[in-house]
Amino acid sequence: MPESTKAAIAVPSKDPKKKEKDEKDGATSRKKPDEKEGEELSEEDLQLRGELEMLVERLKVRIVCSFHVVNRIFVQEPDTTLYRPALETLRTLIRTSTSSMTSVPKPLKFLRPHYPELQNLYELWSPSEDKSLFADILSVLAMTYSDTEPRGTLRYRLLAASLRPSTSPLADPGDWGHEYVRHLAAELGEEYNLREQTEVPKAAPEVGAAGTDSETDDKDGEKEKPQVPLPVGTLEDLHELALVCAKFLLEHNAEPDAVDLLEELEIIDRIVDLVDANTYGRVAAYMTACVNLLPPQDDVAFLKTAHLIYEKHLRFPEALSLAIRLNDSELIRKDFHAPGNLQMKRQLAYILARAQVPYHWLQHSVTDDDDNETLEELPEDLQEILFNSRLSTHFKQFGKELGAEDPKSLEDVYKSHLETSRSSTASVDSARGNLAGTFVNAFVNAGFGNDKLMVDAEEGNSWIYKNKDHGMLSAAASLGLSLLWDTDIGLSHVDKYTYSSEEHIKAGAFLATGILNTGVRSEADAALALLGDHIFNKSVPLRTSAIIGLGFAYAGSHREDILSLLLPLISDDEISMEIASLAALAVGLIFVGSEHGEAALAILQTLMERDARALDEKWTRFLGLGLALLYVGVQASDSYDATIETLKAIPHQASKQIQILVEMCAFAGTGNVLRVQTMLQQCGEHLNAKNAKDAAPAEPEQGGEKKKPDTKPDDTFQAFAVLGIALVAMGEDIGAEMSLRQFNHLMHYGDPVIRKSVPLALGLVSASNPQLPILDILSKYSHDNDLAVALNAIFAMGLVGAGTNNARLAQMLRQLAGYYHKEADCLFMVRIAQGLVHMGKGTIGINPFYLDRTILSKPAVAGLLATLTAFTDAKAFVLDKYHWMLYFLVPAMYPRFLITLDEDLETKPVTVRVGTAVDVVGQAGKPRTISGFQTYQTPVRLATTERAELATEEYIPFASVLEGFVLLQKNPGWEEKMEL
């Protein structure tokens, strides 16, 4: 048995070879039927192939013309009479070929083997109109050889065009179909880039041996050689062909392809003449959406081109919004005065009021009889809108409609009975608790002007007197926040405190004056009249409050008269760094994004002239921030470059942090990837390790004493680099999402200064937009072993949920209140965060983007950055006696509402649908712009990521985006539809 078993095993040991042979035989035997099967064609296909081969043969037919006596041969010449009919038939067959979009059309499939032969035949023909038609057909066939013969389609298309007489232009490329045009567009872009990279003659003659390209392409190693531009056609020819292709693409609902093609050939401005009433909206929307993804200069070109498109088609609100993004005063004035319709002009005024555009930008200069130029005043109704005079009235009415009119007490916010406190909170410093209550009361009841602690407090029982010293300053200033935007009633309430004998109360009243005037203008200039005289006061609290009050009241106004008051405070070397830095910050707030040369020069001069000891102070960061705010959103301009170079020349280490501040402000909200990489590179330096490595054993000097080690390197610049990542990335959704991963890495591997800044960056990148992933991350950081990280994480939770009433976040903060019941600083910050979450009882947000998240509010960015700068060293500022810096958030505060108005500017309730905004740019047809919507009556509250649309067509809105104040007019065709 064992032997038989061995034999059984031994026999099949040779089988695998046989199997392999059998498999090979089987494969070949299977392959042959497949090949035969592949050659089997239907009768129609066989007839088509035969016809095509016959036509190719006709192009090669030669006839005997004469007999050469000497050589005794017959001379043959091509039979040109057959060319034209054959070419025409070929063209017809290719154009009319019907096939599925997933397979190659049959004529191209059957003609592909003949392509090299037809190429050689083409070279033998003499120039003529027939040769032009032949080149046109070869251009289509070249699509099947695009892998081995790059840009063949474009080459033959250009040759066909060059052979045509001017009286008989070449047929439109669209006649060959959509796929041909797309192929041509792709090759145009490739060819243009090659010509840009290499020096090519502007015009080149047709090459006689053009067929050599195809011959050499087939040789081995040809693909490794660098590609060279085609030797035919000029750049102008490429541009003209691109315009023809773009026109076809626009007519066939391929707007993004048309824009991409013209952008690649750097003639995007010429698309203005190609768009019509049906395509301009989709083209401009796509171009606007591309702006954040383009490099500098290209993004500005796109915005200007989209603006021209809207302007040409009389879409004034869209054009004005792009002019605001461009920050072009001439363009804004032109757009504002363009419409003749008064209601449209009022709507534009509401858009400008939200942007806080300087009033003098909108005024025309008028020359009087004495040749003196004066600014023409605008009509009173437009002035009232531009000054935001009725913002407070509308906001209070909005709160009444929402049932948020009644004041909220501190207990309504804290809900202490739900806290999981481990022991009594009686041990907590009551002064610190009262101070926290001051801010919570101010933020929660902001703008309503009816809180119980300050505005409606009984005589002598004001909350101010429950605070001590500098706490009184913040308490008095909170009055301005409660009465936000209400200049008439607010000033009368604040006025009584300006005469107080207590220095801190008086200083708080000055700050309150500035706060309640934030975002609101008036001809009376009450803020300047009340605060202007006190900026030179001997008392430091009074001075700083007056200075910052002016910064708040005139944020974004570009007022030259206030600059002349503040500049001496910056330039004077004898004035303390505190006063000089806060004056610089106020100038930055007032001239935010203006690139003001005089202001920038004064701050730079101060940085260069101050001694190292002064620049070592904690206030230097605010001096740098004041300079940086002048460049918000300007990107790489000449003045920006000059400022950066000047800062590099300053020997003090503070120069580095100010450079980063200026750079991140210049590219705020642009999503510029290169700037984010630069910031990450700054964060990657481990200064402590580097310092330890560089600190070699000190060598004794000649006197025998050791050299003192160098001063500790300043790592503050890394904190600003982290904030810079958030500031640059926040304008673009994909970039903002990607930045979260970078913050996670920084939190794991960064130095302490970086780790404590990461929560602040998370708060900035998602302000007033409580996304669950970010809330979870911040919740984890709020329990960090490093209290500085935990403190900033708690504040960031307040920023992320500011004005949202988010229940999940409120629950998290209540748990933290119990967790940190023994840590006074952390508990104080938890209370502040609770106040922020319920800001304006859920009606006010701090997200700097508005108008469907397309425009960045510069005063809002300035306010957020000033607040976060204070938190880069919370113990030295906010947790010390400068807690009033929390009010830096005020310029970023604005109601998140939709209020519809009739033609008399009175509220007009209409039905609207509110849902999550959906990006529909580039999508076919008319997709829904919102999802998961609910139907409401206006006025309604809009969250950061929400969008509204009218539920019926009864009214026509003047605004392109339903947000803020929207004017409506009755649809004249609505009643007729109802009758029908």
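Put simply, of Thr900, Thr952 the only residue that is part of a strand (DSSP E or B) and either modelled with pLDDT of 90 or more or not aromatic (Phe, Trp, Tyr) (or both) is Thr900.
Restricting the stretch 301-341 to residues that are open to solvent by 50 Å² or more (accessible area, probe 1.4 Å) and aliphatic (A, V, I, L, M), the residue that is nearest to Gln635 (Cα to Cα) is Leu308.
Let's see how each residue does on (1) touching a residue at least 24 places away in the same chain (Cβ under 8 Å); (2) assigned to a helix (DSSP H, G or I):
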{"site": "Phe888", "(1), (2)": "yes, yes"}
{"site": "Val912", "(1), (2)": "yes, no"}
{"site": "Val921", "(1), (2)": "yes, no"}
{"site": "Arg947", "(1), (2)": "yes, no"}
{"site": "Ile956", "(1), (2)": "no, no"}
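Give the residue that is farthest from Pro895 (Cα to Cα), with candidates limited to residues of the stretch 455-513 that are modelled with pLDDT of 90 or more and among the aromatic types (Phe, Trp, Tyr). Checking each candidate, the answer is Phe510. Among (1) open to solvent by 10 Å² or more (accessible area, probe 1.4 Å); (2) closer than 21 Å to His239 by Cα; (3) under 22 Å from the mean Cα position of the chain (by Cα), where does Leu293 come up short? Exception for Leu293: condition (2). Per the conditions (1) modelled with pLDDT under 90; (2) part of a helix (DSSP H, G or I), the sole criterion not satisfied by Met664 is (1).
I need a count of the residues in the stretch 516-544 that are of a type in the set (Val, Ile, Thr) and over 35 Å from the mean Cα position of the chain (by Cα).
Going through the stretch 516-544, the residues of a type in the set (Val, Ile, Thr) turn out to be 518, 520, 535, 540, 544.
Now narrow it down to the ones that are over 35 Å from the mean Cα position of the chain (by Cα): 535, 540.
The number of residues fulfilling the criteria is 2.
Taking the criterion of being buried (at least 21 other Cβ atoms within 10 Å of the Cβ) and either of a type in the set (Gly, Ala, Ser) or on the phi > 0 side of the Ramachandran plot (or both), the residues of the stretch 742-773 that qualify are Ser757, Ala761, Gly763, Ser766, Ala767, Ser768. Tell me whether the stretch 560-572 contains one or more residues that are on the phi > 0 side of the Ramachandran plot, in contact with a Leu (Cβ under 9 Å, 6 or more places away or on another chain) and at pLDDT 90 or above. So far as the stretch 560-572 goes, no, none of its residues is on the phi > 0 side of the Ramachandran plot, in contact with a Leu (Cβ under 9 Å, 6 or more places away or on another chain) and at pLDDT 90 or above. Search the stretch 813-835 for residues being small (Gly, Ala, Ser), crowded, with 22+ Cβ neighbours inside 10 Å and touching a residue at least 60 places away in the same chain (Cβ under 8 Å), and hand back the single one that is nearest to Ile794 (Cα to Cα). Ranking the qualifying residues of the stretch 813-835, first place goes to Ala817.
Open to solvent by less than 10 Å² (accessible area, probe 1.4 Å), part of a helix (DSSP H, G or I), among the small types (Gly, Ala, Ser) and within 30 Å of Ile324 (Cα to Cα): does that describe Ala796? Yes; evaluated as a whole, the condition is true for this residue.
Out of curiosity, is Pro226 open to solvent by 30 Å² or more (accessible area, probe 1.4 Å), closer than 25 Å to Tyr122 by Cα and modelled with pLDDT under 90? Walk me through how you get there before you give the answer.
Details: open to solvent by 30 Å² or more (accessible area, probe 1.4 Å): yes; closer than 25 Å to Tyr122 by Cα: no; modelled with pLDDT under 90: yes.
No; evaluated as a whole, the condition is false for this residue.
With the structure loaded, tell me whether Ala426 is touching a strand residue (DSSP E or B) at 6+ places or on another chain (Cβ under 9 Å) and either under 19 Å from Phe888 (Cβ atoms) or modelled with pLDDT under 85 (or both) or whether it fails that test. So Ala426 fails the test.
Counted as qualifying within the stretch 102-143 are the helices (runs of 4 or more DSSP H) with 2 or more residues that are open to solvent by 20 Å² or more (accessible area, probe 1.4 Å) and over 17 Å from Ala161 (Cα atoms), namely 106-111, 115-124. The conditions of being open to solvent by 10 Å² or more (accessible area, probe 1.4 Å), of a type in the set (Asp, Glu), out of contact with any Pro (no Cβ under 9 Å at 6 or more places or on another chain) and in a loop (DSSP other than H, G, I, E, B) are not met by Asp776. Is it the case that some residue within the stretch 331-341 is within 27 Å of the chain's Cα centre (by Cα), part of a helix (DSSP H, G or I) and aliphatic (A, V, I, L, M)? Yes, the stretch 331-341 has at least one match. Considered as a group, the residues in the stretch 245-266 that are out of contact with any Leu (no Cβ under 9 Å at 6 or more places or on another chain) and over 17 Å from Gly281 (Cβ atoms) include one that is least open to solvent (accessible area, probe 1.4 Å), and that residue is Phe248. Residues that are part of a helix (DSSP H, G or I) and touching a Phe, Trp or Tyr at 6+ places or on another chain (Cβ under 9 Å) were ranked within the stretch 521-531; the one that is nearest to Val890 (Cα to Cα) is Ala527.
Give the residues of the stretch 863-884 that are under 19 Å from Ser757 (Cβ atoms), touching a residue at least 40 places away in the same chain (Cβ under 8 Å) and either among the aliphatic types (A, V, I, L, M) or outside any loop (DSSP other than H, G, I, E, B) (or both), sorted by residue number. Hits for the stretch 863-884 are Gly863, Leu864, Leu865, Ala866, Leu868, Thr869, Phe871, Ala874, Ala876, Leu879. Only a single item in (1) open to solvent by less than 50 Å² (accessible area, probe 1.4 Å); (2) modelled with pLDDT of 90 or more is not met by Val918, and it is number (2). Residues that are buried (at least 16 other Cβ atoms within 10 Å of the Cβ) and closer than 25 Å to Lys468 by Cβ were ranked within the stretch 490-501; the one that is farthest from the chain's Cα centre (by Cα) is Ser500. Scanning the stretch 287-314 for residues that are farther than 17 Å from Glu266 by Cβ, hydrophobic (A, V, I, L, M, F, W, C) and not in a loop (DSSP other than H, G, I, E, B) returns Ala289, Ile309.
When the stretch 924-945 is filtered for residues that are outside any strand (DSSP E or B), within 26 Å of Asn769 (Cα to Cα) and open to solvent by 40 Å² or more (accessible area, probe 1.4 Å), the ones remaining, listed by number, are Pro927, Arg928, Thr929, Thr945.
Screening Leu542 with (1) open to solvent by less than 30 Å² (accessible area, probe 1.4 Å); (2) touching a residue at least 24 places away in the same chain (Cβ under 8 Å); (3) part of a helix (DSSP H, G or I); (4) under 27 Å from His394 (Cα atoms) gives one miss only, at (4). Considered as a group, the residues in the stretch 622-639 that are open to solvent by 10 Å² or more (accessible area, probe 1.4 Å) and out of contact with any Cys (no Cβ under 9 Å at 6 or more places or on another chain) include one that is nearest to Leu864 (Cα to Cα), and that residue is Gln635.
Against the definition (in contact with a strand residue (DSSP E or B) (Cβ under 6 Å, 6 or more places away or on another chain), open to solvent by less than 80 Å² (accessible area, probe 1.4 Å) and either farther than 30 Å from Tyr819 by Cα or at pLDDT 85 or above (or both)), how does Phe387 come out, yes or no? No, not satisfied. Determine, yes or no, whether Tyr887 is among the hydroxyl-bearing types (Ser, Thr, Tyr), more than 30 Å from the chain's Cα centre (by Cα) and open to solvent by less than 30 Å² (accessible area, probe 1.4 Å). For Tyr887, the condition - among the hydroxyl-bearing types (Ser, Thr, Tyr), more than 30 Å from the chain's Cα centre (by Cα) and open to solvent by less than 30 Å² (accessible area, probe 1.4 Å) - is not met.
The values are calculated or read from the model by the stated rules, or taken from the named source; none is laboratory data. Source: prediction; values computed, not measured. Quick reminder, even Gly has a Cβ in these numbers, built from the backbone with ideal geometry, and neighbours come from all protein chains shown. Only protein heavy atoms, including side chains, enter the accessible area calculation; ligands, DNA and RNA are left aside. Shrake-Rupley method; radii C 1.70, N 1.55, O 1.52, S 1.80 Å.
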